Each structure stands twice: as C-alpha cells, then as structure tokens.
Amino acid sequence: MKFTEKLFGTHSERELKRIYPIVDKIEALRPTMQALTDEELFRRDGADFLNYLKTCQGCLGDQADEELVQMRKTCAAIMGFVHNHPEQLPRVRRYREYYMPTTRKLLNTALGLGESATQNAQEIRRDIVGILHTLNTAYEKLYDTLLQDVSMDVSTEIDTLEAMLNQDGLTHDFAADFGAK
C-alpha cells in the first residue's frame, strides 16, 4: 500500500466516504416515501415539477420562456385533472415516472451550461429548447385524451339524467309537464 493511500485512503474508500452521507439521507426518507400513496406522490412530484419549471423561466431565453409558461399551464391542468379523478392516475404513470423527470434532466443540462458560448453548448441549448415545443404538444395531447374520456362519461350521465327527468315529468317545460295554462 502506498503512503498516500495509507494517509488518504484509496480512491474507492474516498468515494464511499463521500457517498455514504448521501445514502444515509436517502435511507432516512424511506419511511416517508413508503407512507405516501401513489396519489400523494404524484401530487408532490407534480408540485415540485411545476415549481421547477417556474424557476427555469428567465434562464434560457425568450423562446424557452414561452414554452415553459405553456408547459407549466398544461402540467398544472393534468395535475388538477388527476386530483379530481384519482382513478385516472394509472393513465399518467409514464408522464410521472419518465416524462417529468426527463424534462427536468434536460432543463438541468441546459441550465448547467451557463453562459458558455462554445458551439457544442449552443447546439445543446438549441436542441433542448427545441424539444420543449414537442413536449408541450405531447402534454397537451395527454390532457386532451384524459378530457375525452370524461367528456364521454359526462355525456352519458347527462343523457341518463334528462331521460329520468323526462320520465318523472320534471323537464324544463312546466306547462306540458304539469298541464298548466
């Protein structure tokens, strides 16, 4: 064993020493994470994501800001929908487990480039800002799909309600329903 390894430890030992406190913090969160339901996790993750999108505004240029505002609006609508229709949570699983974290990772990458003017940095920023529009289109489509199913359910409920009101003589036409003149 070298003198420096005896004094400072091996590279692996130093890395473990650095990582163990992080692992301990993560492990300390385990009971909290296990206690949360899927709906509570989605609400928490979604709120974190919406706040993150807000903090990204003003950091990547005007085009990105427009896309981030729209993304925040659409994601908030999805969050509200799932809050009001928790039975739809499985339909947004991929959104929650892949799309939100990946969007965040891409934005982190763009923000991490700072003001670097190198060609690669500019291309990376351009590509990430460009994908924001595609993501917005996808998130809007997801929200619209969720609404379509509810729309069919609402339409069926309204038809049934109108039929029952009519059957019970409680339609909007008071004179016809009650023989009043």
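The values are calculated or read from the model by the stated rules, or taken from the named source; none is laboratory data. Quantities reported herein were computed from a predicted structural model and do not represent experimental measurements. Virtual Cβ from ideal backbone geometry, glycine too; neighbours counted across all protein chains shown.
Just a few scattered comments:
- Scanning the stretch 19-57 for residues that are modelled with pLDDT of 90 or more and of a type in the set (Gly, Ala, Ser) turns up GLY46, ALA47.
- Filter result (under 15 Å from ASN136 (Cα atoms) and over 10 Å from the mean Cα position of the chain (by Cα)) within the stretch 95-124: THR102, LEU106, LEU107
- Within the option set GLU140, GLU162, GLU97, being at pLDDT 95 or above, among the acidic types (Asp, Glu) and surrounded by 11 or more Cβ atoms within 10 Å (Cβ to Cβ) holds for one residue only, GLU140.
- Some residue of the stretch 116-131 being at pLDDT below 90 and among the hydroxyl-bearing types (Ser, Thr, Tyr): yes
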